[in-house]
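> Dropping a structure here in C-alpha cells format, bear with me for questions.
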Amino acid sequence: MGSWSSNLVYHIDICDEEVDEKMAGTKSDDIWIILLILALLFGISFMWRESPAEGWIDVITDTNNNTHNGGGGCTLTCNSSQTLTLPACVCTNNQVNPTCSDGIKNQNEVNTDCGGVCPACVVTPTCMDGIQNQGETGVDCGGPCAACQSWIPVPGELYCGDSYCTSGETTTNCAKDCLLYNNHCGDGTCANWENKDNCPYDCWKTDSGYSASARDLGTTYHTWQQVVVLMKNMAAQYPTQVSYEVIGQSIWGNDIYLFKVGNPNGGKFMFDGRPHGPEDCGTENGIAFIKWVLTNNSQASNDVLTKNYLLFIPGINIDSNRRQNMRRLYPDGTVVSWGVDLNRNFATGWGNAGSSDPAGNYDYRGQSAASEPETQAVRSAMNKYKPAVYYNVHCGGGKSLSGSGSNTAAVLSKIQTLSTTYATNTISYYNPGTGSCGGSGYVCADGRAIGGGSGWLSEAAGWSEMPPTLDGYLSKYFWKAQFTIYLGMAQAVQ
C-alpha cells in the first residue's frame with residue numbers, strides 16, 4: 001500500500017491501478033483500521049492537534065511526488081476520478097500552505113490575498129491617486145472630490161494670467177500679463193531685459209544650461225491650482241490628521257495656504273515650496289513626504305504623526321512661473337519692472353543681499369523689509385506657530401544644504417544617521433553643513449529668528465539635472481536624497 005521514505009514522508013500509492021483493484025472491495029472503515037495498524041507497527045505516534053489550521057506534523061505526498069499540506073478535511077486528488085479524503089492533512093513547519101484567501105500577505109502577493117499568484121488587486125480609487133476615476137470630472141476633482149476649477153490651464157496652453165503677453169493679449173485686454181512688458185516676454189525672442197528667470201518662456205532654451213532631456217523651466221510639475229486641489233483632497237480624506245488655513249494673499253490676491261498635519265502639541269517643523277515661481281522642488285517634496293507620513297504605516301511615519309506638527313506652505317510665489325513676484329508698482333508711484341525677489345525680502349538681515357534697483361531683473365529685494373504680501377503671509381504663520389525647524393527649498397542652483405540656529409547639530413546628526421539607514425545619496429549630493437540662514441533677507445533666516453530653532457536652505461537640483469517628469473524627479477531626488485532630510489528634521493524636534 002505504501003512505504004516510508006528516508007525523510008519520513010509517507011507515500012500513498014492511491015493512484016496505483018493495482019492497489020485500486022485490491023482495495024476496490026474494502027470498506028472505508030477497514031482502510032482506517034489498516035492505516036492505524038501500520039502506524040503502530042512502525043512505532044509512529046501521530047499527534048492530533050485541535051486546530052485544523054495546524055493539522056499534522058509531517059508531509060503527505062502522492063505517487064506523482066506532489067506534496068499536500070493543509071487543515072482538516074483536506075482532499076488529496078490523484079487524478080480526475082480517484083481521491084483520498086483524510087480527516088486532516090499535515091503541515092510543513094506546522095503551517096498550512098499559503099492561499100489566496102488566508103488573510104496573510106505571503107507568496108508573492110502585492111497586497112493581502114491579491115496580486116502575484118492571486119487575482120489582481122482592486123485599487124480603491126481616492127481623490128489623490130492622480131487618476132480620473134470614481135465619477136470624477138477631472139483628475140482628482142469633481143464628482144466625490146473637491147470641485148474642479150475650470151480655469152486650470154491645459155499644460156502648455158496660453159491664457160490671460162499665465163504671465164506671458166501672447167495670443168492677442170495687450171495692456172488693455174490683459175494688463176496682468178502685458179503691463180510694462182511691451183509684448184516682449186512671450187514673443188519667442190529672448191531680448192532686452194529678459195532672462196531665463198524672469199521670462200523662461202522665451203529664454204530657457206537659449207540658456208547655456210539648457211538640456212533637451214531636462215524639464216522646461218517655464219513649467220512646474222503640478223500647476224499651483226492642481227497643488228491646491230490635491231492638498232485639499234488630502235485634508236478631506238484624512239480629516240482628523242490634516243487641516244489647512246489661508247495665511248494671506250499674493251500680490252494678485254490669490255490665497256496662500258498652510259497645511260497642518262499631525263499632533264498640534266508635537267515638535268513643529270515648517271517647510272515650503274516655490275519661493276521663486278518655477279522652483280517647485282519643495283512643493284513636490286512636501287506633498288510626497290506628507291503622503292508617506294499618512295500612508296506608510298511604519299514606526300517612523302507613525303511617530304511623525306503623533307510626535308510632530310508638520311506645517312507645509314506649498315507655494316509662496318504663486319502668481320506666475322517667474323522668479324520674482326508680480327509687483328509692478330508701489331503706492332508711492334515707484335515702478336517695479338520685473339517684480340520682487342521674495343527670498344531677499346524677509347526682515348532678518350534685509351538689505352545685506354539682493355539689488356536695491358526696482359528695475360533689476362533678477363534679485364530686487366523690495367522697497368523695504370517684508371514689503372510684499374507674500375512675505376507678510378509667511379511671517380504671520382511663523383509668528384503664529386514658532387517652528388523649531390524651518391526648511392526653505394529651491395531648484396536650479398545645483399545641489400546644497402545648509403542651516404543656522406540652535407538645534408543645527410541635532411538636525412545634522414539625524415540626517416546623517418538616516419542617510420545611512422535608508423542608503424540615500426543625501427550626504428554625497430548635498431554635503432550638508434552650517435551657514436546661509438543667518439540673515440540676508442532669506443526666508444529661512446526669518447524662520448530661524450522667529451521660531452528660535454534653526455533655519456535651512458536647500459538647492460535640490462540644477463535645472464539641467466531635473467528630469468522632465470514628476471516621477472523621475474521624485475525617484476532621483478526626493479526618495480534618494482531629500483526624504484531623509486525631511487524625516488531627519490522632523491525627528492530632531494520630536
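> Among the listed residues Gly472, Gly455, Gly433, Gly405, identify the single one that is surrounded by fewer than 21 Cβ atoms within 10 Å (Cβ to Cβ) and more than 21 Å from the chain's Cα centre (by Cα).
The match here is Gly433.
> Any residue that is aliphatic (A, V, I, L, M), at pLDDT below 70 and in a loop (DSSP other than H, G, I, E, B) - is there at least one of those in segment 92-114?
Yes, the conditions are met somewhere in segment 92-114.
> Here are Thr283, Thr220: which of them is among the β-branched types (Val, Ile, Thr), closer than 16 Å to Cys395 by Cα and part of a helix (DSSP H, G or I)? Quick ask: steps written out before the conclusion?
Details: Thr220 fails: part of a helix (DSSP H, G or I).
Unique residue meeting the criteria: Thr283.
> Taking segment 224-265 as the region of interest, how many residues are closer than 30 Å to Val336 by Cα and aliphatic (A, V, I, L, M)?
7
> Let me ask something else. Hey, among Ala449, Ala490, Ala461, which residue is in contact with a strand residue (DSSP E or B) (Cβ under 7 Å, 6 or more places away or on another chain) and either under 28 Å from Gly354 (Cβ atoms) or among the aromatic types (Phe, Trp, Tyr) (or both)?
Residue meeting the stated conditions: Ala461.
> For segment 422-464, give me the residue count where each residue is hydroxyl-bearing (Ser, Thr, Tyr), farther than 24 Å from Pro278 by Cα and either without any contact (Cβ under 8 Å) to a residue 40 or more places away in the chain or assigned to a strand (DSSP E or B) (or both). Walk me through how you get there before you give the answer.
So the first thing to find is which residues in segment 422-464 are hydroxyl-bearing (Ser, Thr, Tyr), and the list is 422, 424, 426, 428-430, 434, 436, 440, 442, 454, 458, 464.
Narrowing the set further to residues that are farther than 24 Å from Pro278 by Cα leaves 422, 424, 428, 434, 454.
From what's left, either without any contact (Cβ under 8 Å) to a residue 40 or more places away in the chain or assigned to a strand (DSSP E or B) (or both): 428, 434, 454.
Result for segment 422-464: 3.
> Here is a follow-up. Answer with yes or no whether Asn317 is touching a Lys or Arg at 6+ places or on another chain (Cβ under 6 Å), within 30 Å of Tyr364 (Cβ to Cβ), of a type in the set (S, T, N, Q) and at pLDDT 95 or above.
Details: touching a Lys or Arg at 6+ places or on another chain (Cβ under 6 Å): yes; within 30 Å of Tyr364 (Cβ to Cβ): yes; of a type in the set (S, T, N, Q): yes; at pLDDT 95 or above: yes.
Judged against the criteria, Asn317 is a match.
> Among the residues of segment 236-254, how many are in contact with a helix residue (DSSP H, G or I) (Cβ under 8 Å, 6 or more places away or on another chain) and either polar (S, T, N, Q) or under 30 Å from Asn325 (Cα atoms) (or both)?
Residues of segment 236-254 in contact with a helix residue (DSSP H, G or I) (Cβ under 8 Å, 6 or more places away or on another chain): 238, 241-244, 247-252, 254.
Now narrow it down to the ones that are either polar (S, T, N, Q) or under 30 Å from Asn325 (Cα atoms) (or both): 241-244, 247-252, 254.
Final tally of qualifying residues: 11.
> Further question on the same structure: Would you tally the residues in segment 336-347 being in contact (Cβ under 8 Å) with a residue 60 or more places away in the chain and surrounded by fewer than 23 Cβ atoms within 10 Å (Cβ to Cβ)?
Residues meeting the conditions: 2.
> Within segment 454-471, is there a residue that is within 10 Å of Gly405 (Cα to Cα) and touching a Leu at 6+ places or on another chain (Cβ under 9 Å)? Can you show your working first?
As a first pass, look at segment 454-471 and keep what is within 10 Å of Gly405 (Cα to Cα): 454-456.
Those left that are additionally touching a Leu at 6+ places or on another chain (Cβ under 9 Å): 456.
For segment 454-471, residues within 10 Å of Gly405 (Cα to Cα) and touching a Leu at 6+ places or on another chain (Cβ under 9 Å): present.
> Taking segment 357-377 as the search range and keeping residues that are out of contact with any strand residue (DSSP E or B) (no Cβ under 6 Å at 6 or more places or on another chain) and either among the hydrophobic types (A, V, I, L, M, F, W, C) or at positive phi (or both), which one is surrounded by the most Cβ atoms within 10 Å (Cβ to Cβ)?
Only one residue tops the list, namely Gly366.
> Just checking, which of Tyr385, Tyr422, Tyr390 is under 20 Å from Phe483 (Cβ atoms) and in contact with a Lys or Arg (Cβ under 8 Å, 6 or more places away or on another chain)?
Tyr390
The values are calculated or read from the model by the stated rules, or taken from the named source; none is laboratory data. All values derive from a computational prediction rather than experimental measurement. Cβ sites come from the backbone with ideal geometry, for glycine too, and all protein chains shown count toward neighbours.
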